[in-house]
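Participant: Quick one: this structure, given as structure tokens, is what I'll be asking you about.
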Amino acid sequence: MIRFNQRAYGLLINESQDILISDEFRFDTYFRKFPGGGVEYGEGIIDALKREFHEELGLHIESYEFLYFNDYFQESTFHVQTQVTCFYYIVKCQDIGDLGKTSYDLPLIEEGEYQKWMPLRELTPDMLTFKIDRDALSVLKIKLALTS
């Protein structure tokens, strides 16, 4: 059966110009991506983004700005015959506290997810697992160079 999967991701940048990334182990696979996840049936993209940030990070999104979506075909890495469309937003959150400050060893080998801050200037596309995330990072870096 052919399926479609929509996903929403937030690019959270702190005052030190670090970006939050998520290291995860699921489906017997380690991968690095931006925080976010799947849109549930009956849910809008922004609602999914807010829900995912609350569930995964315990954060409430204060504001968001659309950045990018993949307008090309991408098959899911984990589910055959599933087409993935991902939406990326630059987000702002309050009270990030100690988020991303817990140390952990890579690659992850047990089910779970952890977040950490990386200097945005040092994060390169090849450090992310999925093509769509790499494309979103490239768009983000172009945008910030044009607006800063």
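Participant: Kindly provide the set of residues from segment 1-18 that are closer than 16 Å to E122 by Cα and surrounded by 22 or more Cβ atoms within 10 Å (Cβ to Cβ), ordered by number.
Facilitator: We begin by selecting, within segment 1-18, every residue closer than 16 Å to E122 by Cα; these are 11-18.
Selection gives L11, L12.
Participant: Which condition from (1) outside any strand (DSSP E or B); (2) surrounded by fewer than 18 Cβ atoms within 10 Å (Cβ to Cβ); (3) not aromatic (F, W, Y) is the one that Q83 breaks?
Facilitator: It fails just one condition, (1).
Participant: So how many residues does segment 45-80 have that are within 22 Å of L99 (Cα to Cα), assigned to a strand (DSSP E or B) and of a type outside the set (D, E, K, R)?
Facilitator: 3
Participant: Taking K92 as meeting all but one of (1) touching a Lys or Arg at 6+ places or on another chain (Cβ under 9 Å); (2) assigned to a strand (DSSP E or B); (3) among the charged types (D, E, K, R), write down the number of the exception.
Facilitator: (1)
Participant: Right, something else. Could you list, in sequence order, all residues of segment 114-136 that are closer than 26 Å to G97 by Cα and of a type in the set (F, W, Y)?
Facilitator: If the condition is that a residue be closer than 26 Å to G97 by Cα and of a type in the set (F, W, Y), then Y114, W117 are the ones that fit.
Participant: Considering only segment 113-148, state which residues are within 23 Å of F73 (Cβ to Cβ) and of a type in the set (G, A, S).
Facilitator: Within segment 113-148, A136, S138 qualify.
Participant: Restricting to segment 48-69, give me the number of residues that are acidic (D, E) and buried (at least 20 other Cβ atoms within 10 Å of the Cβ).
Facilitator: Looking only at segment 48-69, we keep the residues that are acidic (D, E), and these are 52, 55-56, 62, 65.
Still in the list and also buried (at least 20 other Cβ atoms within 10 Å of the Cβ): 52.
So the answer is 1.
Participant: So in segment 110-148, with the set limited to residues that are of a type in the set (S, T, Y) and surrounded by 15 or more Cβ atoms within 10 Å (Cβ to Cβ), which one is nearest to R7 (Cα to Cα)?
Facilitator: Among them, the one singled out is T129.
Participant: Something else now. Scanning for something buried (at least 17 other Cβ atoms within 10 Å of the Cβ), among the hydroxyl-bearing types (S, T, Y), part of a strand (DSSP E or B) and touching a residue at least 40 places away in the same chain (Cβ under 8 Å), does segment 27-44 turn up at least one residue?
Facilitator: Our first condition is that a residue be buried (at least 17 other Cβ atoms within 10 Å of the Cβ); within segment 27-44, this holds for 31-37, 39.
Then keep just the ones that are among the hydroxyl-bearing types (S, T, Y); that gives none.
No.
Participant: Identify all residues within segment 47-65 that are farther than 15 Å from L12 by Cβ and either in contact (Cβ under 8 Å) with a residue 24 or more places away in the chain or of a type in the set (G, A, S) (or both); write none if there are none.
Facilitator: Across segment 47-65, the qualifying residue is only A48.
Participant: Now a separate question. Looking only at residues that are in a helix (DSSP H, G or I) and touching a helix residue (DSSP H, G or I) at 6+ places or on another chain (Cβ under 6 Å) in segment 103-137, which one is nearest to F53 (Cα to Cα)?
Facilitator: Pass one, segment 103-137, residues in a helix (DSSP H, G or I): 125-127, 131-137.
Those left that are additionally touching a helix residue (DSSP H, G or I) at 6+ places or on another chain (Cβ under 6 Å): 125, 134, 137.
Numbers: P125: 22, R134: 20, L137: 19 Å.
Out of the qualifying residues, it is L137.
Participant: Check segment 87-106 and report whether any residue there is in contact (Cβ under 8 Å) with a residue 24 or more places away in the chain, among the β-branched types (V, I, T) and closer than 16 Å to E24 by Cα. Working first, answer last.
Facilitator: Within segment 87-106, the subset in contact (Cβ under 8 Å) with a residue 24 or more places away in the chain is 87-96, 99-100, 104, 106.
Narrowing the set further to residues that are among the β-branched types (V, I, T) leaves 90-91, 96.
Within this subset, residues satisfying the condition of being closer than 16 Å to E24 by Cα are none.
No, that holds for no residue.
Read-outs throughout are calculated quantities, based only on the coordinates presented, and are distinct from any laboratory measurement. Not measured: the values here are computed from a predicted model. Positions of Cβ are generated from backbone atoms using ideal geometry, with glycine treated the same way; all protein chains shown enter the neighbour counts.
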